[in-house]
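The structure appears below as structure tokens.
The values are calculated or read from the model by the stated rules, or taken from the named source; none is laboratory data. Note that this is a predicted model, so its numbers are computed, not measured. Cβ placement follows ideal geometry from the backbone for every residue including glycine, while neighbour counts extend to all protein chains displayed. Heads up: the accessible areas ignore ligands, DNA and RNA and are worked out on the full protein's heavy atoms, side chains in. Shrake-Rupley method; radii C 1.70, N 1.55, O 1.52, S 1.80 Å.
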Amino acid sequence: MMLKIVKGFTLIFLGILLIACEKGKITSSLSDFKDTTLEKVKANLSGLPFLGRFIKLHPAPKELYKKTEEKMALLNLSQAKDLYPQEYAELSKKWERAKAYYKKKYFLSAEKVLKEVLKSAEELLNKVEDYNRNLKEKALLKYKEREKALLEKSLKGEKEIVKVRLYLWRLKNLIELGKYDEFEKELEKTPF
């Protein structure tokens, strides 16, 4: 009976070694396995009435959790879902996993995943900002061209001048509001 148990543990150990064949990964995967297992055992034992006060858990990463939560809220409000759906979906899955770890008091694992999520969220927000900045720059160039063309025309009367000024003001407001689709449609129209 004891021989079967030893063989079983030996097979499990060899399986882990085979999975982590790379030179540096063997030690890191074994230490990660040890850390996560120890963390789960500690978290489960901390819930027991008498033993709970003797077990010290890794400190909760409250500030990191709060920062990550804020970044994810910003990401949800941005256009990331539409512009980069695959990256956004992967990031959302990681965020849900981090929240689950945090809720179960696996604070060390939660901290690792939260750092990844925070970094990825910042990168994705920067991508969205760059995309919007490029759209705004292109729209401003088109606006300047349209403004120059309209103001160079000989306008007859104050009524036409007011129409042109209102038209240009509307285009400028659409750019400032970030409504580039409406801007493109409005750009095709003429104020006359």
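Key figures for this structure:
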| item | result |
| --- | --- |
| Yes/no for Lys67 being open to solvent by 50 Å² or more (accessible area, probe 1.4 Å) and at pLDDT 90 or above | yes |
| Given (1) open to solvent by less than 90 Å² (accessible area, probe 1.4 Å); (2) without any contact (Cβ under 8 Å) to a residue 12 or more places away in the chain; (3) closer than 30 Å to Ile55 by Cβ, index of the condition Leu118 fails | (2) |
| Selection from region 86-102 of residues that are without any contact (Cβ under 8 Å) to a residue 24 or more places away in the chain and under 18 Å from Asp35 (Cα atoms) | Arg97, Ala100, Tyr101 |
| Test result for Lys56, free of Cβ contacts under 8 Å to residues at least 60 places away in the same chain, part of a loop (DSSP other than H, G, I, E, B) and open to solvent by 100 Å² or more (accessible area, probe 1.4 Å) | yes |
| Region 144-159, residues that are surrounded by 15 or more Cβ atoms within 10 Å (Cβ to Cβ) and either over 19 Å from Glu188 (Cβ atoms) or at pLDDT 90 or above (or both) | Leu155 |
| All positions within region 39-53 that are farther than 14 Å from Tyr101 by Cα, open to solvent by less than 90 Å² (accessible area, probe 1.4 Å) and in a helix (DSSP H, G or I) | Leu45, Ser46, Leu51, Gly52 |
| So Leu83, is it loosely packed, with under 15 Cβ neighbours inside 10 Å and touching a residue at least 40 places away in the same chain (Cβ under 8 Å) | yes |
